[in-house]
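Please read the structure below before turning to the comments.
The values are calculated or read from the model by the stated rules, or taken from the named source; none is laboratory data. All values derive from a computational prediction rather than experimental measurement. Neighbour counts run over all protein chains shown; Cβ positions are idealised from the backbone, glycine included. Accessible surface areas use protein heavy atoms only, side chains included; no ligands, DNA or RNA. Shrake-Rupley method; radii C 1.70, N 1.55, O 1.52, S 1.80 Å.
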Amino acid sequence: MALLIRNGNIITATENYIADIYCESETITRIGRDLDAPPGATVVDATGKYVFPGFIDPHVHIYLPFMGTLAKDDYISASKAALVGGTTTLMEMVCQAGSGQPLADGFEFWMKQAAGKSACDFTFHQGVTRYDKQVEGELREIVNAGVSSFKIFLAYKGAFGINDDELFNTLTLAKNLGVITTAHCENAELVARMQQQLIAAGKTGPEFHYTSRPPRVEAEGVSHLMAFAELTGAHTYLVHTSCQEALQEALAAKQRGINVWVETLIQYLLLDKTYAELPNFEAAKYIMSPPLREKSNQDVMWNALRQGFVSTLATDHAPFDFVGQKEMGRGDFTKIPNGIPSLEDRVNLYYTHGVAAGRMDLNTFVATASTNTAKIFGMFPRKGTIALGADADLVVYDPSYRGTISARTHQLNLDYSAFEGWEIKGRPNVVTVRGEVAARDGQFVGTIGRGQFVKREANH
Ligand code: URP
Ligand code: ZN
Ligand code: ZN
(Lines give C-alpha, C1' and ligand atoms only; values in the text may rest on other atoms or scores of the structure.)
(Ligands and ions follow the chains in the order given, each with its own letter.)
Protein backbone atom coordinates (compact mmCIF):
# COMPACT_ATOMS: atom_id res chain seq x y z
CA MET A 1 0.00 0.00 0.00
CA ALA A 2 1.67 3.22 -1.16
CA LEU A 3 0.25 6.72 -1.01
CA LEU A 4 1.64 9.98 -2.38
CA ILE A 5 0.13 13.32 -1.44
CA ARG A 6 1.52 15.95 -3.78
CA ASN A 7 2.15 19.62 -3.30
CA GLY A 8 0.08 20.25 -0.20
CA ASN A 9 0.51 23.07 2.30
CA ILE A 10 1.63 20.98 5.26
CA ILE A 11 0.55 22.31 8.63
CA THR A 12 1.71 20.89 11.94
CA ALA A 13 1.58 22.46 15.39
CA THR A 14 4.83 24.28 14.63
CA GLU A 15 5.41 24.30 10.86
CA ASN A 16 3.86 25.45 7.62
CA TYR A 17 5.51 24.47 4.30
CA ILE A 18 4.73 23.08 0.86
CA ALA A 19 5.90 19.52 0.11
CA ASP A 20 4.92 16.01 -0.99
CA ILE A 21 4.31 13.24 1.54
CA TYR A 22 5.00 9.61 0.66
CA CYS A 23 3.60 6.81 2.79
CA GLU A 24 4.40 3.13 2.74
CA SER A 25 3.18 0.33 5.01
CA GLU A 26 0.92 2.65 7.02
CA THR A 27 3.74 5.08 7.82
CA ILE A 28 5.08 8.39 6.50
CA THR A 29 8.43 7.44 4.95
CA ARG A 30 9.40 10.49 2.88
CA ILE A 31 8.64 14.21 2.91
CA GLY A 32 10.12 16.40 0.17
CA ARG A 33 9.60 18.04 -3.20
CA ASP A 34 8.94 16.22 -6.49
CA LEU A 35 8.70 12.74 -4.95
CA ASP A 36 7.97 9.79 -7.24
CA ALA A 37 5.35 7.14 -6.63
CA PRO A 38 5.66 3.52 -7.78
CA PRO A 39 3.05 2.16 -10.21
CA GLY A 40 -0.18 1.36 -8.40
CA ALA A 41 0.32 3.94 -5.65
CA THR A 42 -2.62 6.14 -4.71
CA VAL A 43 -1.79 9.71 -5.71
CA VAL A 44 -3.63 12.71 -4.27
CA ASP A 45 -3.10 16.20 -5.68
CA ALA A 46 -3.22 18.58 -2.71
CA THR A 47 -2.38 21.75 -4.63
CA GLY A 48 -4.15 24.70 -2.99
CA LYS A 49 -5.12 22.58 0.00
CA TYR A 50 -3.83 22.12 3.53
CA VAL A 51 -2.47 18.81 4.75
CA PHE A 52 -3.10 18.39 8.48
CA PRO A 53 -2.19 15.47 10.75
CA GLY A 54 -5.24 13.31 11.46
CA PHE A 55 -7.36 14.99 14.10
CA ILE A 56 -7.85 13.31 17.47
CA ASP A 57 -10.95 13.60 19.62
CA PRO A 58 -9.86 13.06 23.22
CA HIS A 59 -13.39 12.73 24.60
CA VAL A 60 -16.16 10.76 22.93
CA HIS A 61 -18.83 8.34 24.11
CA ILE A 62 -19.95 5.66 21.68
CA TYR A 63 -21.09 2.72 23.76
CA LEU A 64 -22.71 4.56 26.68
CA PRO A 65 -25.39 3.14 28.96
CA PHE A 66 -26.48 6.36 30.67
CA MET A 67 -29.54 7.90 32.35
CA GLY A 68 -31.73 4.90 31.63
CA THR A 69 -30.91 4.58 27.95
CA LEU A 70 -28.12 3.69 25.55
CA ALA A 71 -26.26 6.12 23.27
CA LYS A 72 -27.34 5.81 19.64
CA ASP A 73 -24.07 5.40 17.77
CA ASP A 74 -21.93 2.33 17.49
CA TYR A 75 -18.33 2.12 16.30
CA ILE A 76 -19.46 1.74 12.69
CA SER A 77 -21.53 4.92 12.51
CA ALA A 78 -19.25 6.88 14.84
CA SER A 79 -16.00 6.02 13.07
CA LYS A 80 -17.51 6.78 9.65
CA ALA A 81 -18.68 10.14 10.98
CA ALA A 82 -15.31 10.81 12.58
CA LEU A 83 -13.43 10.09 9.37
CA VAL A 84 -15.70 12.10 7.08
CA GLY A 85 -15.12 14.99 9.49
CA GLY A 86 -11.32 14.54 9.60
CA THR A 87 -10.94 12.76 12.94
CA THR A 88 -8.76 9.67 12.65
CA THR A 89 -8.35 8.63 16.29
CA LEU A 90 -11.03 8.43 18.98
CA MET A 91 -10.55 8.31 22.75
CA GLU A 92 -13.54 6.75 24.45
CA MET A 93 -14.27 6.04 28.07
CA VAL A 94 -14.75 2.60 29.49
CA CYS A 95 -17.14 3.69 32.22
CA GLN A 96 -19.41 1.01 33.60
CA ALA A 97 -21.35 2.14 36.65
CA GLY A 98 -20.29 1.10 40.13
CA SER A 99 -21.66 -2.41 40.32
CA GLY A 100 -19.55 -5.41 41.42
CA GLN A 101 -18.61 -6.17 37.82
CA PRO A 102 -14.83 -6.63 37.43
CA LEU A 103 -13.18 -3.71 35.65
CA ALA A 104 -11.39 -6.09 33.34
CA ASP A 105 -14.77 -7.30 32.02
CA GLY A 106 -15.75 -3.74 31.20
CA PHE A 107 -12.48 -3.14 29.39
CA GLU A 108 -12.89 -6.30 27.33
CA PHE A 109 -16.52 -5.45 26.62
CA TRP A 110 -15.67 -1.97 25.33
CA MET A 111 -12.83 -3.43 23.29
CA LYS A 112 -15.34 -5.78 21.65
CA GLN A 113 -17.57 -2.83 20.75
CA ALA A 114 -14.71 -1.24 18.82
CA ALA A 115 -12.55 -4.06 17.44
CA GLY A 116 -13.75 -5.32 14.08
CA LYS A 117 -16.16 -2.38 13.73
CA SER A 118 -14.18 0.83 13.97
CA ALA A 119 -12.86 2.22 10.71
CA CYS A 120 -10.58 4.65 12.54
CA ASP A 121 -8.06 4.08 15.30
CA PHE A 122 -9.23 4.21 18.89
CA THR A 123 -8.06 4.05 22.47
CA PHE A 124 -9.65 4.27 25.91
CA HIS A 125 -9.61 6.09 29.19
CA GLN A 126 -10.35 3.58 31.93
CA GLY A 127 -13.31 4.70 34.04
CA VAL A 128 -12.88 4.32 37.79
CA THR A 129 -16.30 4.25 39.42
CA ARG A 130 -15.34 2.55 42.71
CA TYR A 131 -12.09 1.66 44.47
CA ASP A 132 -10.93 -1.35 46.49
CA LYS A 133 -7.95 -3.73 46.45
CA GLN A 134 -9.42 -5.79 43.61
CA VAL A 135 -10.04 -2.67 41.50
CA GLU A 136 -6.50 -1.51 42.19
CA GLY A 137 -5.07 -4.79 40.85
CA GLU A 138 -7.29 -4.63 37.79
CA LEU A 139 -6.30 -1.05 37.09
CA ARG A 140 -2.64 -2.03 37.18
CA GLU A 141 -3.33 -4.75 34.57
CA ILE A 142 -5.33 -2.42 32.35
CA VAL A 143 -2.54 0.17 32.42
CA ASN A 144 -0.10 -2.62 31.45
CA ALA A 145 -2.40 -3.49 28.55
CA GLY A 146 -1.84 0.02 27.14
CA VAL A 147 -4.51 2.24 28.70
CA SER A 148 -2.53 5.03 30.32
CA SER A 149 -5.33 7.33 31.49
CA PHE A 150 -8.16 7.07 34.01
CA LYS A 151 -11.57 8.74 33.91
CA ILE A 152 -13.42 9.81 37.02
CA PHE A 153 -16.67 11.67 37.65
CA LEU A 154 -17.21 14.02 40.56
CA ALA A 155 -20.75 14.41 39.18
CA TYR A 156 -23.53 11.84 38.55
CA LYS A 157 -24.20 10.87 42.16
CA GLY A 158 -25.43 7.28 42.37
CA ALA A 159 -24.11 6.38 38.90
CA PHE A 160 -20.53 6.99 37.75
CA GLY A 161 -19.62 9.36 40.60
CA ILE A 162 -16.92 8.50 43.20
CA ASN A 163 -16.53 9.70 46.78
CA ASP A 164 -13.51 11.52 48.24
CA ASP A 165 -11.95 8.36 49.64
CA GLU A 166 -12.10 6.72 46.20
CA LEU A 167 -10.82 9.93 44.63
CA PHE A 168 -7.79 10.01 46.91
CA ASN A 169 -6.98 6.34 46.25
CA THR A 170 -7.43 6.69 42.48
CA LEU A 171 -5.15 9.71 42.26
CA THR A 172 -2.55 8.07 44.50
CA LEU A 173 -2.48 5.00 42.23
CA ALA A 174 -2.40 7.20 39.13
CA LYS A 175 0.60 9.06 40.53
CA ASN A 176 2.38 5.76 41.31
CA LEU A 177 1.70 4.35 37.85
CA GLY A 178 2.46 7.60 35.99
CA VAL A 179 -0.95 7.82 34.36
CA ILE A 180 -3.04 10.93 33.92
CA THR A 181 -6.55 11.13 35.39
CA THR A 182 -9.27 12.83 33.37
CA ALA A 183 -12.14 14.23 35.42
CA HIS A 184 -15.70 15.48 35.06
CA CYS A 185 -15.77 18.24 37.65
CA GLU A 186 -19.13 19.25 39.09
CA ASN A 187 -20.08 19.01 42.75
CA ALA A 188 -22.52 16.09 42.79
CA GLU A 189 -24.12 17.00 46.14
CA LEU A 190 -24.85 20.54 45.04
CA VAL A 191 -26.36 19.33 41.75
CA ALA A 192 -28.56 16.80 43.57
CA ARG A 193 -29.83 19.38 46.06
CA MET A 194 -30.51 21.99 43.39
CA GLN A 195 -32.36 19.43 41.26
CA GLN A 196 -34.54 18.37 44.21
CA GLN A 197 -35.42 21.98 45.05
CA LEU A 198 -36.27 22.88 41.46
CA ILE A 199 -38.41 19.81 40.78
CA ALA A 200 -40.24 20.27 44.12
CA ALA A 201 -41.01 23.86 43.09
CA GLY A 202 -42.49 22.66 39.79
CA LYS A 203 -39.54 23.98 37.79
CA THR A 204 -39.32 20.94 35.55
CA GLY A 205 -38.53 22.35 32.07
CA PRO A 206 -35.16 21.95 30.31
CA GLU A 207 -34.28 25.59 31.01
CA PHE A 208 -33.83 24.66 34.69
CA HIS A 209 -31.00 22.26 33.89
CA TYR A 210 -28.68 25.30 33.83
CA THR A 211 -30.07 26.55 37.16
CA SER A 212 -29.23 23.20 38.75
CA ARG A 213 -25.60 23.34 37.58
CA PRO A 214 -24.44 27.00 37.62
CA PRO A 215 -20.77 27.90 36.96
CA ARG A 216 -19.93 27.78 40.68
CA VAL A 217 -20.89 24.08 40.78
CA GLU A 218 -18.30 23.37 38.11
CA ALA A 219 -15.72 25.70 39.64
CA GLU A 220 -16.15 23.96 43.01
CA GLY A 221 -15.60 20.61 41.26
CA VAL A 222 -12.35 21.88 39.76
CA SER A 223 -11.16 23.41 43.02
CA HIS A 224 -12.02 20.16 44.86
CA LEU A 225 -10.08 18.04 42.37
CA MET A 226 -7.14 20.44 42.46
CA ALA A 227 -6.83 20.05 46.25
CA PHE A 228 -6.60 16.27 45.83
CA ALA A 229 -4.17 16.62 42.92
CA GLU A 230 -1.99 18.93 45.02
CA LEU A 231 -1.80 16.51 47.94
CA THR A 232 -1.27 13.35 45.87
CA GLY A 233 0.95 14.90 43.18
CA ALA A 234 -1.21 13.26 40.50
CA HIS A 235 -1.47 14.71 37.00
CA THR A 236 -5.03 15.59 36.02
CA TYR A 237 -6.98 16.65 32.93
CA LEU A 238 -10.24 18.57 33.18
CA VAL A 239 -12.76 17.39 30.59
CA HIS A 240 -15.42 19.69 29.09
CA THR A 241 -14.45 22.91 30.86
CA SER A 242 -17.23 25.35 30.07
CA CYS A 243 -16.79 28.65 31.88
CA GLN A 244 -14.53 31.35 33.21
CA GLU A 245 -15.09 30.40 36.86
CA ALA A 246 -13.90 26.82 36.32
CA LEU A 247 -10.97 27.91 34.16
CA GLN A 248 -9.86 30.36 36.84
CA GLU A 249 -9.69 27.56 39.41
CA ALA A 250 -7.56 25.51 37.00
CA LEU A 251 -5.23 28.41 36.27
CA ALA A 252 -4.85 29.17 39.99
CA ALA A 253 -3.87 25.53 40.49
CA LYS A 254 -1.38 25.71 37.61
CA GLN A 255 0.15 28.75 39.29
CA ARG A 256 0.60 26.67 42.45
CA GLY A 257 2.57 24.18 40.36
CA ILE A 258 -0.13 21.54 39.96
CA ASN A 259 0.10 19.55 36.74
CA VAL A 260 -3.32 20.05 35.18
CA TRP A 261 -4.42 20.21 31.56
CA VAL A 262 -7.70 21.69 30.38
CA GLU A 263 -10.10 20.57 27.65
CA THR A 264 -13.01 22.54 26.25
CA LEU A 265 -15.61 21.57 23.67
CA ILE A 266 -16.72 22.91 20.32
CA GLN A 267 -20.24 23.26 21.78
CA TYR A 268 -19.06 25.74 24.43
CA LEU A 269 -17.28 27.84 21.82
CA LEU A 270 -20.33 28.18 19.58
CA LEU A 271 -23.54 27.56 21.52
CA ASP A 272 -24.76 29.46 24.56
CA LYS A 273 -27.44 28.88 27.18
CA THR A 274 -30.22 30.47 25.11
CA TYR A 275 -30.25 27.27 22.99
CA ALA A 276 -31.15 25.32 26.11
CA GLU A 277 -34.11 27.66 26.63
CA LEU A 278 -35.74 27.13 23.23
CA PRO A 279 -39.52 26.59 23.30
CA ASN A 280 -41.49 23.39 22.60
CA PHE A 281 -38.90 21.20 24.31
CA GLU A 282 -36.46 21.95 21.46
CA ALA A 283 -34.14 22.97 24.32
CA ALA A 284 -33.66 19.27 25.17
CA LYS A 285 -31.39 18.90 22.14
CA TYR A 286 -29.00 21.30 23.88
CA ILE A 287 -28.88 19.70 27.33
CA MET A 288 -25.48 18.52 28.43
CA SER A 289 -23.36 18.75 31.56
CA PRO A 290 -21.83 21.12 32.40
CA PRO A 291 -24.58 23.14 30.69
CA LEU A 292 -24.17 25.61 27.85
CA ARG A 293 -23.10 28.89 29.43
CA GLU A 294 -23.62 32.64 29.07
CA LYS A 295 -22.23 33.87 25.75
CA SER A 296 -19.50 35.90 27.49
CA ASN A 297 -17.69 32.63 28.25
CA GLN A 298 -17.10 31.94 24.57
CA ASP A 299 -14.43 34.63 24.17
CA VAL A 300 -12.80 33.44 27.38
CA MET A 301 -12.48 29.93 25.94
CA TRP A 302 -11.28 31.06 22.50
CA ASN A 303 -8.63 33.24 24.18
CA ALA A 304 -7.58 30.40 26.47
CA LEU A 305 -7.15 28.06 23.49
CA ARG A 306 -5.07 30.67 21.67
CA GLN A 307 -2.90 31.34 24.69
CA GLY A 308 -2.36 27.70 25.60
CA PHE A 309 -4.31 27.76 28.89
CA VAL A 310 -6.74 25.30 27.32
CA SER A 311 -4.83 22.53 25.56
CA THR A 312 -7.47 20.54 23.71
CA LEU A 313 -10.72 20.93 21.80
CA ALA A 314 -13.01 17.88 22.05
CA THR A 315 -16.67 16.99 21.50
CA ASP A 316 -17.79 14.84 24.43
CA HIS A 317 -19.90 13.25 21.68
CA ALA A 318 -22.84 11.68 23.57
CA PRO A 319 -25.48 10.77 20.98
CA PHE A 320 -29.13 10.48 22.02
CA ASP A 321 -32.05 10.92 19.62
CA PHE A 322 -34.54 13.68 20.21
CA VAL A 323 -37.49 11.36 19.62
CA GLY A 324 -37.73 8.67 22.27
CA GLN A 325 -34.55 9.58 24.17
CA LYS A 326 -34.28 13.31 24.87
CA GLU A 327 -38.07 13.13 25.18
CA MET A 328 -37.69 10.96 28.28
CA GLY A 329 -37.21 14.22 30.14
CA ARG A 330 -40.50 15.88 29.22
CA GLY A 331 -41.89 17.01 32.56
CA ASP A 332 -38.58 16.44 34.41
CA PHE A 333 -35.35 17.97 33.10
CA THR A 334 -33.26 15.65 35.30
CA LYS A 335 -34.30 12.76 33.05
CA ILE A 336 -33.12 14.28 29.75
CA PRO A 337 -30.12 12.18 28.62
CA ASN A 338 -27.15 14.56 28.67
CA GLY A 339 -25.12 15.20 25.56
CA ILE A 340 -24.85 17.32 22.41
CA PRO A 341 -23.43 15.12 19.63
CA SER A 342 -20.86 16.80 17.41
CA LEU A 343 -18.18 14.26 16.44
CA GLU A 344 -18.70 14.65 12.69
CA ASP A 345 -18.59 18.45 12.71
CA ARG A 346 -15.96 19.37 15.32
CA VAL A 347 -13.10 20.01 12.89
CA ASN A 348 -15.14 21.86 10.26
CA LEU A 349 -16.86 24.08 12.84
CA TYR A 350 -13.56 24.78 14.59
CA TYR A 351 -11.89 25.63 11.28
CA THR A 352 -14.82 27.79 10.15
CA HIS A 353 -15.20 29.79 13.36
CA GLY A 354 -11.53 29.68 14.32
CA VAL A 355 -9.21 29.81 11.32
CA ALA A 356 -11.56 31.10 8.58
CA ALA A 357 -13.00 33.72 10.96
CA GLY A 358 -9.50 34.97 11.79
CA ARG A 359 -9.74 33.93 15.45
CA MET A 360 -7.02 31.30 15.37
CA ASP A 361 -3.86 30.55 13.42
CA LEU A 362 -3.43 27.24 11.62
CA ASN A 363 -0.74 25.92 13.96
CA THR A 364 -2.80 26.50 17.09
CA PHE A 365 -5.75 24.88 15.33
CA VAL A 366 -3.69 21.74 14.70
CA ALA A 367 -2.14 21.80 18.18
CA THR A 368 -5.47 21.99 20.00
CA ALA A 369 -7.43 19.60 17.77
CA SER A 370 -4.69 16.97 17.38
CA THR A 371 -1.09 17.39 18.57
CA ASN A 372 -1.65 18.34 22.22
CA THR A 373 -3.96 15.37 22.74
CA ALA A 374 -1.35 13.02 21.28
CA LYS A 375 1.28 14.50 23.61
CA ILE A 376 -0.81 14.54 26.79
CA PHE A 377 -2.05 10.98 26.29
CA GLY A 378 1.15 9.27 25.16
CA MET A 379 0.56 8.91 21.40
CA PHE A 380 3.06 11.47 20.10
CA PRO A 381 4.83 11.38 17.62
CA ARG A 382 3.08 8.30 16.26
CA LYS A 383 -0.12 10.38 16.15
CA GLY A 384 -0.70 14.14 16.09
CA THR A 385 1.95 15.25 13.66
CA ILE A 386 3.32 14.88 10.13
CA ALA A 387 6.83 13.49 10.41
CA LEU A 388 8.92 10.59 9.18
CA GLY A 389 7.88 7.44 11.02
CA ALA A 390 4.49 8.80 12.10
CA ASP A 391 1.29 6.94 11.22
CA ALA A 392 0.01 8.11 7.82
CA ASP A 393 -3.14 9.64 9.31
CA LEU A 394 -3.58 12.67 7.10
CA VAL A 395 -6.29 15.18 6.28
CA VAL A 396 -6.12 16.95 2.91
CA TYR A 397 -8.33 19.93 3.66
CA ASP A 398 -10.12 22.10 1.14
CA PRO A 399 -10.52 25.63 2.56
CA SER A 400 -12.62 26.72 -0.43
CA TYR A 401 -15.46 24.26 0.28
CA ARG A 402 -18.80 25.78 1.31
CA GLY A 403 -21.69 23.74 2.67
CA THR A 404 -24.19 23.32 5.46
CA ILE A 405 -24.54 20.84 8.30
CA SER A 406 -27.61 18.62 8.44
CA ALA A 407 -28.67 15.46 10.25
CA ARG A 408 -30.06 14.29 6.90
CA THR A 409 -26.58 14.00 5.41
CA HIS A 410 -24.76 12.86 8.53
CA GLN A 411 -23.03 9.54 8.94
CA LEU A 412 -24.10 9.66 12.59
CA ASN A 413 -27.02 7.50 13.63
CA LEU A 414 -29.08 10.38 14.99
CA ASP A 415 -32.35 12.14 14.30
CA TYR A 416 -31.08 15.68 14.84
CA SER A 417 -28.05 17.94 14.70
CA ALA A 418 -27.53 20.75 17.18
CA PHE A 419 -25.90 22.60 14.28
CA GLU A 420 -28.64 22.02 11.69
CA GLY A 421 -28.28 24.52 8.83
CA TRP A 422 -24.99 26.00 10.06
CA GLU A 423 -22.61 26.98 7.28
CA ILE A 424 -19.14 25.47 7.11
CA LYS A 425 -16.21 27.04 5.29
CA GLY A 426 -13.82 24.18 4.61
CA ARG A 427 -14.05 20.40 4.61
CA PRO A 428 -11.73 17.39 4.32
CA ASN A 429 -11.14 16.45 0.71
CA VAL A 430 -9.24 13.24 1.50
CA VAL A 431 -8.73 11.56 4.89
CA THR A 432 -6.32 8.67 5.39
CA VAL A 433 -5.89 6.23 8.24
CA ARG A 434 -2.48 4.59 8.34
CA GLY A 435 -2.05 5.15 4.63
CA GLU A 436 -5.47 4.03 3.41
CA VAL A 437 -7.94 6.57 2.02
CA ALA A 438 -10.97 6.39 4.31
CA ALA A 439 -13.03 9.44 3.30
CA ARG A 440 -13.36 11.57 0.20
CA ASP A 441 -15.43 14.74 -0.11
CA GLY A 442 -17.91 13.93 2.62
CA GLN A 443 -18.23 10.23 1.73
CA PHE A 444 -16.90 7.31 3.71
CA VAL A 445 -14.75 5.06 1.48
CA GLY A 446 -12.75 3.26 4.16
CA THR A 447 -12.82 -0.21 5.64
CA ILE A 448 -15.10 -1.12 8.53
CA GLY A 449 -13.04 -2.90 11.17
CA ARG A 450 -9.64 -1.64 10.01
CA GLY A 451 -9.27 0.66 13.01
CA GLN A 452 -6.68 -0.42 15.54
CA PHE A 453 -6.47 -0.08 19.30
CA VAL A 454 -3.69 2.41 20.07
CA LYS A 455 -1.61 1.14 23.00
CA ARG A 456 -0.27 3.94 25.14
CA GLU A 457 2.59 3.95 27.63
CA ALA A 458 2.24 5.74 30.96
CA ASN A 459 3.99 9.09 30.39
CA HIS A 460 3.19 11.27 33.44
O1 URP B 1 -23.55 15.91 29.02
C2 URP B 1 -22.61 15.17 28.89
N3 URP B 1 -21.41 15.65 29.06
N4 URP B 1 -22.83 13.89 28.57
C5 URP B 1 -21.94 12.84 28.46
C6 URP B 1 -21.46 12.30 29.75
C7 URP B 1 -20.39 13.16 30.33
O8 URP B 1 -20.61 13.79 31.36
O9 URP B 1 -19.31 13.23 29.79
ZN1 ZN C 1 -18.66 14.44 31.71
ZN1 ZN D 1 -18.06 12.74 28.45
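For Ala357, which of the numbered conditions (1) outside any helix (DSSP H, G or I); (2) among the small types (Gly, Ala, Ser); (3) farther than 22 Å from Lys425 by Cα fails to hold?
Only one criterion in (1) outside any helix (DSSP H, G or I); (2) among the small types (Gly, Ala, Ser); (3) farther than 22 Å from Lys425 by Cα is unmet by Ala357, namely (3).
For region 115-169, which residues satisfy the criterion of being surrounded by 19 or more Cβ atoms within 10 Å (Cβ to Cβ), assigned to a loop (DSSP other than H, G, I, E, B) and small (Gly, Ala, Ser)?
Across region 115-169, the qualifying residues are Ser118, Ala119, Ser148, Ala155, Gly161.
Quick one: would you say Phe52 is open to solvent by less than 30 Å² (accessible area, probe 1.4 Å) and within 16 Å of ligand 2 (Cβ to nearest atom)? Lay out the reasoning, then the answer.
Details: open to solvent by less than 30 Å² (accessible area, probe 1.4 Å): yes; within 16 Å of ligand 2 (Cβ to nearest atom): no.
The answer is no for Phe52.
Tell me which residues, restricted to region 311-337, are open to solvent by less than 10 Å² (accessible area, probe 1.4 Å) and either within 16 Å of ligand 2 (Cβ to nearest atom) or in a strand (DSSP E or B) (or both).
If we filter region 311-337 for residues that are open to solvent by less than 10 Å² (accessible area, probe 1.4 Å), which is where we start, we get 312-315, 317-320, 326, 329, 333, 336-337.
Passing the criteria: Thr312, Leu313, Ala314, Thr315, His317, Ala318, Pro319, Phe320, Ile336, Pro337.
Quick one: Asn303 ticks every box in (1) surrounded by fewer than 20 Cβ atoms within 10 Å (Cβ to Cβ); (2) away from ligand 1 (no atom under 16 Å from the Cβ); (3) assigned to a loop (DSSP other than H, G, I, E, B) bar one, so which box is it?
(3)
Would you please name the residue that is least open to solvent (accessible area, probe 1.4 Å), looking only at residues in region 425-442 that are within 23 Å of Gly358 (Cβ to Cβ) and within 20 Å of the chain's Cα centre (by Cα)?
Step one: of region 425-442, the residues within 23 Å of Gly358 (Cβ to Cβ) are 425-429.
Still in the running and within 20 Å of the chain's Cα centre (by Cα): 427-428.
Working: Arg427: 51, Pro428: 4 Å².
Only one residue tops the list, namely Pro428.
Right, Ala283: away from ligand 3 (no atom under 16 Å from the Cβ), assigned by TED's automatic domain parsing to the domain that holds Ala183 and under 18 Å from Pro341 (Cβ atoms) or not? Before the answer, list the steps.
Working: away from ligand 3 (no atom under 16 Å from the Cβ): yes; assigned by TED's automatic domain parsing to the domain that holds Ala183: yes; under 18 Å from Pro341 (Cβ atoms): yes.
Judged against the criteria, Ala283 is a match.
Give all pairs with beta carbons closer than 6 Å in which a residue from region 58-85 that is under 19 Å from Arg427 (Cα atoms) and away from ligand 2 (no atom under 14 Å from the Cβ) meets a residue that is open to solvent by less than 10 Å² (accessible area, probe 1.4 Å) and assigned to a helix (DSSP H, G or I); count only pairs at least 6 apart in sequence or on separate chains.
Filtered contacts from region 58-85: Gly85/Val347.
Which residue pairs have Cβ atoms closer than 7 Å, lie 6 or more positions apart in sequence or on different chains, and pair a first residue in region 342-363 that is modelled with pLDDT under 95 with a second residue that is open to solvent by 10 Å² or more (accessible area, probe 1.4 Å)?
Partner pairs satisfying both residue conditions: none exist.
Yes/no matrix, rows are residues, columns are (1) within 22 Å of the chain's Cα centre (by Cα); (2) modelled with pLDDT of 95 or more; (3) not assigned by TED's automatic domain parsing to the domain that holds Ala392:
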residue: Asn144; (1), (2), (3): no, yes, yes
residue: Phe150; (1), (2), (3): yes, yes, yes
residue: Phe153; (1), (2), (3): yes, yes, yes
residue: Phe160; (1), (2), (3): yes, no, yes
residue: Asn169; (1), (2), (3): no, yes, yes
residue: Asn176; (1), (2), (3): no, yes, yes
residue: Pro206; (1), (2), (3): no, yes, yes
